[in-house]
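In what follows, a single structure is set out as structure tokens and then discussed.
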Amino acid sequence: MIVMTRKKRIIYNITMAFLSLAIATILIVQLTLKLGYNSEIILTNIAYTIWAIFVIDFVIRFFISTDKKIFIKNNIIDLISIIPFHTFFILLSNLGVFHLDSKYIILLKLVMVLRIVAIVKRSNSNFYRFMRTNNFSYTLFIALIIIFLSSIAMSYFEKWNIGDSLWWSIVTVTTVGYGYICPKTFSGRIVASILMIFGIGFIGSLTSTLSTYFIKKENIRHHHHKKKNNYSILEDSIKDVFIGARFSKDEYKDMVILDIVNRLENFDDLSKDEISTMCNVLNSLKDN
């Protein structure tokens, strides 16, 4: 198993995030602009090249991993992001099973952008911890799926182009509702009603998640500023995990590990006793 240094890991994550954003940009340009044949071919080739890089990266990490099953379980989003769903639909369309507009096939490629989610997850950043608060990541994922499906539905029912449909869906689910385009058909209004009701719930969930996240963050800051020995704080936090006094097990586990990582950045200043204490804490977390 190859272990990357912190600097290499940051460079790797930034590179992969940049490639994911490049894919998203290319697909949005293809969906919203009328491109010439040559421009379309160039952008498509760039998108396939980035996809090939994602596939190679996943395969290499899979083969160097020690436990293949755990690797698949922990990297399921990466796996989904490299599955060429659009190719399957093109094949079915060519076989005459059904006909699907090329714009919808391009939309299927957006699944590659999911790789950004996996990068955020591995980075253990503040954003990832926010997404885990109140299981907001699931709410956001459902919101994206509903926006995606609503865009397709409105494009079909109202005969809008896919760019207008996507814009309308985002505006509606965020309860902004500019109103310069609105559904005229009965089916379109049913879709709009469902999207508006979901949008109200989504905004409420976002507001409560923000409040919970900052309250917990303030509690963590207060907890760490208590006048205790540095590593007795870590030991106390393990007890808090088991009795559920302040945070969930996963949240406190992340907090303790992050605290140890920060301390290890000043490794030369640590005593042997402090290092031993950190090892004991990590062993306790692993056992439970």
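The values are calculated or read from the model by the stated rules, or taken from the named source; none is laboratory data. Since the model is a prediction, treat every value here as computed from it, not as a measurement. Glycine also receives a Cβ, built like all others from the backbone with ideal geometry; neighbour counts cover every protein chain displayed. Calculation scope for accessible area: heavy atoms of the full protein, side chains included, ligands and nucleic acids excluded. Shrake-Rupley method; radii C 1.70, N 1.55, O 1.52, S 1.80 Å.
Observations on the model:
- Placing R0 at 45 angstrom, the Cβ-Cβ distance between residue 12 and residue 203 gives a FRET efficiency of 0.80 after rounding to 0.05.
- Given a 1.4 Å probe and the protein chains as shown, residue 189 ends up with an accessible area of around 130 Å².
- Among the protein heavy atoms, those of residue 261 account for about 70 Å² of accessible surface (1.4 Å probe, every chain in place).
- Potential lengthening between residue 148 and residue 264 on full extension [0.36 nm per residue; Cα-Cα distance subtracted]: 37.4 nm
- The residues 158, 40, sorted by heavy-atom accessible surface at 1.4 Å with ligands and nucleic acids left out, run 40, 158 from largest to smallest.
- Using a cut-off of 26 Å between Cα atoms, the listed pairs 8/253; 68/272; 69/253; 217/272 include 68/272; 217/272 as exceeding that distance.
- Segment residue 273-residue 37, length gained on full extension (0.36 nm per residue, minus Cα span): 78.3 nm
- Accessible area per residue for the stretch 16-58 is 57 Å², calculated with a 1.4 Å probe on protein heavy atoms, without ligands, DNA or RNA.
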